[in-house]
Amino acid sequence: GRYLFIKNNPIAMSLKTTLASLPLETCIYNASGPRTGSGQALSKVGQSAAGAILAKSATLESQKGNPLPRTWHHNNDADDSHASMNSEGLPNSGIDYYISSEVIDEAVGDSAKPYFVSISGKNINDNIAMIERIHAKIKSGEKRISGVELNLACPN
């Protein structure tokens, strides 16, 4: 267990929580983003102390994202102003990749952590089509998909 020491007295701490009635060992898990685009990257989350695994936000079909450069940084030490912007354009392998048994196998491994799929359709019809694919995958026997995140903020 984890303990917090206050004046030499240990107090048991827990970061356990539930999300939509799904128990998580810890409330901390990865954000969907550039470092969650492959099964190999997701397997690192699966092997970590994270409470769940969240796949990269997917579109209906794979897409390469915006042309390079995708980031801009401004650093001015003279007046201590710093800024950055990004416009990735949501490069991803498409929904079928993130719900494939092979990717889920690689991501979850032996961890038994909840696996969440993130979707970011270009329109409502894309989102409905992806939800239908996820539902069909679960109906076909894939029980490790624990939930769906609807990403309305991308592509930027």
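The values are calculated or read from the model by the stated rules, or taken from the named source; none is laboratory data. Keep in mind it's a predicted model, so treat the numbers as computed, not measured. A quick note on method: Cβ atoms are made from the backbone with ideal geometry, for glycine too, and the neighbour counts reach across all protein chains shown. SASA here: full protein model, heavy atoms, side chains in, ligands and nucleic acids out. Shrake-Rupley method; radii C 1.70, N 1.55, O 1.52, S 1.80 Å.
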(Q) Which of Asn86, Asn66, Asn75 ends up with the largest GNM mean-square fluctuation for the chain, with Cα atoms connected below 10 Å? (A) Asn75
Q) With the other protein chains left in place, how much accessible area per residue, in square angstrom, belongs to the range 12-131 at a 1.4 angstrom probe? A) 57
Q. Between Ile124 and Ser101, what is the FRET efficiency for a Förster distance of 30 Å, r being their Cβ-Cβ separation, to the nearest 0.05?
A. 0.60
Q: Please report, in debye to the nearest 20, how large the charge dipole of the chain is about its Cα centre when each Lys and Arg carries +1 at its beta carbon and each Asp and Glu carries -1 there.
A: 460
**Q.** Positive-end residue, the range 5-156 charge dipole about Cα centroid, Cβ charges, pick of Ala50, Ser87, Ile119
**A.** Ala50
Q: Pop out the carbon and sulfur fraction of the accessible area of the range 15-117 as a percent, whole number, probe 1.4 Å.
A: 52
Q: Any chance you could check the Cα centroid distance between the range 50-68 and the range 89-118 for me, in angstrom?
A: 10
Q) the range 45-144: which trypsin sites (Lys or Arg not before Pro) are DSSP loop and have at most 10 other beta-carbon atoms within 10 angstrom? A) Lys64, Lys143
Q. Computed FRET efficiency, Cβ-Cβ of Ile131 and Asp110, R0 35 Å: what is it to the nearest 0.05?
A. 0.75
Q: For the range 55-125, state which GluC sites (Glu not before Pro) are in a DSSP loop and have at most 10 other beta carbons lying within 10 Å of their beta carbon.
A: none
Q: Compute the distance in nm between two label points, each set 7 Å from the Cα along the Cα-to-Cβ direction, one at Asn76 and one at Ser14.
A: 5.2
(Q) With +1 on the Cβ of every Lys and Arg and -1 on the Cβ of every Asp and Glu, and nothing else charged, how large is the dipole of the range 115-156 about its Cα centre, in debye rounded to the nearest 20? (A) 180
Q: Select from Gly89, Gly46, Gly141 the residue whose mean-square fluctuation is largest in a Gaussian network model of the chain (Cα-Cα springs shorter than 10 Å).
A: Gly141
